[in-house]
Amino acid sequence: MTMSQVSLAGAGALDVRADFPILAREIDGHRLVYLDSSSTSQKPAAVLDSLEDFYRNHNANIHRGVYLLAQEADALFEGARERIAAFVNWPAATTIFTRNVTEAINLVAYSWARTNLTPSDAVLITQMEHHSNIVPWQLAAQATGAQLRYLDVGEDGTLSLEQLDRELARGDVKLLALTHVSNVLGTINPVAEFVRRAHDAGAIVLIDGAQAVPQLPVDLEAIGADFYAWTGHKALGPTGVGVLHGRRELLEAMPPFLSGGDMIATVEAQHSTWNELPWKFEAGTSMIAQVIGLGAAIDYLGALGMANVRSHEQSLTAYALERLAATAGVRVFGPRSAGDRGGVISFALEGIHPHDVGELLGRRNVCVRASHHCAQPLMAVLGVAATARASFGPYNVAADVDALIDAIGEAQEIFAN
Amino acid sequence: MDDLYRDFILEHYKRPRNFGELQSHDHEAHEVNPLCGDELGVQIAVGDDGRIADLRFQGHGCAISQAAASMASEQLIGMPVQEAGVLNADWMLDLLGIDVSATRRKCALLSLKVVRHALTGDASWPTSGGQ
């Protein structure tokens, strides 16, 4: 396994670029300045090696083989589950692998919501959700007759606990679903407090942790949510593996989501019984290599220390906010202070469409996302169709922020003509 | 000189021709670019001679989509409706006169898509792939 180099060059500063082979790539003489980690992260050599090692040396299907290879594959897969669950402080038996966050949320929207919601219930979500935490609830509400309501996003990019209390006081909220960290504004929501208040009102809580797990220390027992979903590919792992942590009594009572092989205990001609948790919710052959790769990714993050990752990304964010504020014609969305936000900055350049910003920055090999970020309701609140967005991973350094600012200056020059 | 953001592209982007609303029109349509949420609508008035008498675009978008709409509008006014309804991607890309990457192709062709939709009622014309 590649060991990371933790540099002590500055307070909380990491320089782990050497661990990420793709960062050595140059295009047209420009080094890769990857500022799109909120979309997907780059992968350390340790993850790439674990994938190759699995396929070269241990590849076999899991769960029913008695030969050595199958036992090795099983141990690697279930061992990864143990470490992934421990990484966020949750039991392995109630840690379920899905394709991605979208599938994890859909699992709850189908198996829990459709059997628990009635026309007199409400689902409460927020205006800062990703489409993956909106559309499944729209469909579940349509299927059950339940109401779908939204918490507003304030001018400062935050949610209001007072509005939460008012909504909960209506007495009909059966589910609260919200993001831990906004993929557009970067807002870090005080999720433990949201959970406490929702539970006091008798509501179940689902948290979308897609942006949180890669960049914050996350302790699910302390947060206390009933469901918490995240995805591997944003957390230095491979694509194709998402994670759903759920409360045992809820998962036990829920019907299966997808059905078929692996998720059964017995199958008769007209009737089947279900496997125990977590396999009841893992139909078909699992994404074995991806789970093993994600295990290597969280080992890597664990070795860096999530508190170090957070402090590194927070100082990069603070530096970027400061440099953007000093650049004319730039509007930054979301909370002002880096302490209140994750390592993601959405911005607009006056008179230049985000698509053109993305294209022009891309010519300097500065990779930012330019889109609605799958958050169109939030775009409507911000009064824009799209934004440009720079987001950080543990492998970014202050020079990446400088390259962003330089490329923004060049884009502004082209459009000034 | 930038190969994509040429002076004439930026000039059309900053001062788009034939944007606004028509007093009365015979055809209209509205399209969204799902990539970025950009929206473009068009209103078209047809004369007794079967030619496009007037045309206005409405909406917002990137430099490429706005410049394409603006440049297309100058060609479309006066063109027989029959001819305008079957214009293809090459016509638009030739008119733009710049190399457009695969991801920006949707931007370049959004205005033609909305015009074809308005004139033929067919919203299915694909802006990606090889047509």
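In chain A, taking the dipole from charged Cβ atoms about the Cα centre, the farthest positive-side position among A:Ala303, A:Trp112, A:Ala338 is held by A:Trp112.
For region A:176-246, the dipole from Cβ point charges (+1 on Lys and Arg, -1 on Asp and Glu) about the Cα centre works out to 160 debye, to the nearest 20. Neighbouring Cβ atoms from other chains, within 10 Å of the Cβ of residues in B:55-63, number 3 on average. Using Cβ point charges alone (K and R +1, D and E -1), the dipole size of region B:7-120 about the Cα centre works out to roughly 320 debye.
Close amide H partners of A:Ile204, meaning residues 5 or more places away or on another chain with modelled amide H under 5 Å apart, are A:Leu175, A:Leu176. Sorted on the mean count of surrounding Cβ atoms within 10 Å across their residues, most packed first, peptides A:90-97, B:98-105, A:64-71, A:201-208 read A:201-208, A:90-97, B:98-105, A:64-71.
Candidates A:Thr102, A:Ala45, A:His130 compared by Cα position along the dipole of region A:1-156: farthest toward the positive end lies A:Thr102, with charges placed on Cβ. Comparing mean-square fluctuations of A:Gly186, A:Gly284, A:Gly224 from a GNM of chain A with C-alpha springs under 10 Å, the top value falls on A:Gly284. With contacts taken as Cα pairs under 8 Å at a separation of at least 6 residues, region A:295-417 carries a relative contact order of 26 percent. The fewest-to-most ranking of B:Trp91, B:Trp125 by surrounding Cβ atoms within 10 Å reads B:Trp91, B:Trp125.
Under a Gaussian network description of chain A, with springs only between Cα atoms under 10 Å, the residue in A:Gln163, A:Gln211, A:Gln147 that fluctuates furthest is A:Gln163.
Computed from phi, the 3J(HN,Hα) profile of region A:347-360 under the Karplus parametrisation 6.51, -1.76, 1.60 (θ = phi - 60°) reads 8, 10, 9, 4, x, 10, 5, x, 4, 6, 4, x, 5, 5 Hz, with x in place of Gly and Pro. Helix B:105-120 and the long axis of chain B differ in direction by around 10°, with both axes built from C-alpha atoms. Averaged over the residues of A:348-357, the number of partner chain Cβ atoms lying within 10 Å of the residue Cβ comes to 5. Taking amide hydrogens as placed 1.01 Å from N in the peptide plane, the amide H of A:Asp36 sits under 5 Å from those of A:Ser391, each at least 5 positions away in sequence or on another chain. Of the residues B:Gly97, A:Val181, A:Thr327, the one whose Cα sits farthest toward the positive end of the charge dipole of the protein assembly as shown, with +1 on the Cβ of Lys and Arg and -1 on the Cβ of Asp and Glu, is A:Val181.
Considering region A:177-331, its Cα convex hull presents a mean projected area of 12.2 nm².
If you count, for each residue, the other Cβ atoms within 10 Å and average over each peptide, how do A:299-307, A:321-329 line up from highest to lowest?
A:299-307, A:321-329
This model, with +1 at the C-beta of Lys and Arg and -1 at the C-beta of Asp and Glu, gives chain A a dipole about its Cα centre of some 260 debye.
Considering only beta bridges that DSSP places wholly inside chain A, some 60 percent are antiparallel. Counts of other chain beta carbons within 10 angstrom of each beta carbon in peptide B:98-109 average 1.
Scanning residues 5 or more positions from B:Asp38 or on other chains, those with amide H under 5 Å from its amide H are B:Asn33, with H placed 1.01 Å from N in the peptide plane.
Phi angles of region B:59-65 translate, via the Karplus equation with coefficients 6.51, -1.76, 1.60 and θ = phi - 60°, into HN-Hα couplings of x, 9, x, 7, 4, 5, 5 Hz per residue; Gly and Pro are given as x.
Taking the helices alone, the protein assembly as shown has a mean residue ellipticity at 222 nm of -11000 deg cm²/dmol, built from -39,500 (n - 2.57) per DSSP H run of at least 4 residues and averaged over all its residues.
Using packing as a proxy for protection, rank B:4-13, A:361-370, A:109-118 so that the peptide with the highest average count of other Cβ atoms within 10 Å comes first.
A:361-370, A:109-118, B:4-13
Between region A:121-184 and region A:13-77, the C-alpha centres lie 35 angstrom from each other.
Rounded to the nearest Hz, the phi-derived 3J(HN,Hα) couplings of region A:177-193 under the Karplus curve 6.51 cos²θ - 1.76 cosθ + 1.60 (θ = phi - 60°) are 10, 8, 8, 6, 10, 5, 7, 10, 8, x, 3, 9, 7, x, 5, 4, 5, where x marks glycine and proline. Considering only Cα-Cα distances, which of the following residue pairs are longer than 32 Å: A:Lys234/B:Lys14; B:Lys14/B:Lys113; A:Lys174/A:Lys280; A:Lys43/B:Lys113; A:Lys43/A:Lys174? A:Lys234/B:Lys14; A:Lys43/B:Lys113; A:Lys43/A:Lys174, as the Cα separations exceed 32 Å there. Sequence-distant contacts, meaning Cα pairs under 8 Å at least 6 residues apart, place the relative contact order of region B:7-120 at 30 percent.
Bear in mind these aren't lab numbers, they're just calculated from the coordinates by the rules spelled out. Everything numeric here is computed off the predicted structure, so don't read it as measured data. Using ideal geometry, Cβ is built from the backbone for each residue, glycine included, and neighbour counts are taken over all protein chains shown.
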